[in-house]
Amino acid sequence: MADHNALPLVILAEKFASLPGIGMKTAQRLAYHVMSMDEAAVEDFAKALVDAKKNVHSCKCCQNLTERDICPICDDAERDSSVICVVETPKDVTAFERTKEYNGVYHVLHGLLSPMDGITPDKLRVKELLARISKGGVKEVIMATNPTVEGDATAMYVAGLLKPLGLKVSRLAFGLPVGGILEYADEVTLFKALENRNDM
């Protein structure tokens, strides 16, 4: 923001800009919007930020974000705890839950292997996954990391640890989206669609 703006407003915009996906122009709009809010609304907004940071933590079982010791999914007796879907972030749990088709439980790694960025296996929640499995009762682990180099490497690493335990380890199928048009699909997507084809 230009020098003619009040310093607290500049700092506020910079804080918004530090969030992922927020550029400086959007950050400035948000900062000016905050200035148009009444003081009670701003205090409520600030309180929501502080409350979320203070009260939300990792579930002791699946590592998803929750305000309880054990999240509602892990605590639900109707869920099939013999199937664990391993995902990268808590946002992925939300995406799966929107489908209303999956009835197993989850495990959140909180990242993917990326040695170039200093993210090694000890930085992920892999040992927590192994500790869960060692308690018994798990039949299948679904590796649901993204189809990227890091996602594939993480899936292969975790699968390598789990296979000797006699578990079924599966990977999400990737390919053409529903409603997709073949001519617009890239080569990797087409290859994955062929590779993951199902019997009819």
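The values are calculated or read from the model by the stated rules, or taken from the named source; none is laboratory data. All values reported here derive from a predicted model rather than from experimental measurement. Note that each Cβ is placed from the backbone with ideal geometry, even for glycine, and that neighbours are counted across all protein chains shown. Surface areas here come from the heavy atoms of the whole protein model, side chains and all, with no ligands, DNA or RNA. Shrake-Rupley method; radii C 1.70, N 1.55, O 1.52, S 1.80 Å.
So here's what we get for this one:
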| quantity | calculated |
| --- | --- |
| Given (1) farther than 21 Å from G175 by Cα; (2) surrounded by fewer than 21 Cβ atoms within 10 Å (Cβ to Cβ); (3) not aromatic (F, W, Y), number of the condition V108 does not satisfy | (2) |
| Evaluation of G136 against (1) farther than 26 Å from I70 by Cβ; (2) out of contact with any Asp or Glu (no Cβ under 7 Å at 6 or more places or on another chain) (one fails), failing number | (1) |
| Every residue from region 73-88 that is within 21 Å of the chain's Cα centre (by Cα) and more than 14 Å from L129 (Cα to Cα) | I73, D75, D76, R79, D80 |
| Condition check for H57: surrounded by fewer than 11 Cβ atoms within 10 Å (Cβ to Cβ) and modelled with pLDDT of 95 or more | no |
| Region 22-51, residues that are within 26 Å of E67 (Cβ to Cβ), in a loop (DSSP other than H, G, I, E, B) and either open to solvent by 90 Å² or more (accessible area, probe 1.4 Å) or modelled with pLDDT under 95 (or both) | none |
| Test: residue in region 70-92 that is among the polar types (S, T, N, Q), open to solvent by less than 60 Å² (accessible area, probe 1.4 Å), more than 19 Å from D152 (Cα to Cα) and touching a residue at least 40 places away in the same chain (Cβ under 8 Å) | yes |
| So F16, is it assigned to a helix (DSSP H, G or I), open to solvent by 80 Å² or more (accessible area, probe 1.4 Å) and among the aromatic types (F, W, Y) | no |
| Exclusive hit being closer than 17 Å to L161 by Cα and touching a helix residue (DSSP H, G or I) at 6+ places or on another chain (Cβ under 7 Å), set V108, V83 | V108 |
| Every residue from region 116-163 that is basic (K, R) and over 23 Å from A77 (Cα atoms) | K123, R125, K127, K163 |
| Top-ranked residue of region 111-126 - restricted to ones that are in contact with a helix residue (DSSP H, G or I) (Cβ under 7 Å, 6 or more places away or on another chain) and either acidic (D, E) or assigned to a helix (DSSP H, G or I) (or both), ranked as least open to solvent (accessible area, probe 1.4 Å) | V126 |
| Subset tally (residues that are over 22 Å from the mean Cα position of the chain (by Cα) and without any contact (Cβ under 8 Å) to a residue 40 or more places away in the chain) for region 129-145 | 3 |
| Residue match in region 119-130 (condition: touching a strand residue (DSSP E or B) at 6+ places or on another chain (Cβ under 8 Å), modelled with pLDDT of 80 or more and of a type in the set (S, T, N, Q)) | no |
| In region 156-188, the residues that are of a type in the set (V, I, T) and in contact with a strand residue (DSSP E or B) (Cβ under 7 Å, 6 or more places away or on another chain) | V158, V169 |
| In region 141-200, residue surrounded by the most Cβ atoms within 10 Å (Cβ to Cβ) [restricted to those that are part of a helix (DSSP H, G or I) and of a type in the set (D, E)] | E150 |
| Exclusive hit being exposed (fewer than 13 other Cβ atoms within 10 Å of the Cβ) and not basic (K, R), set N103, N64 | N103 |
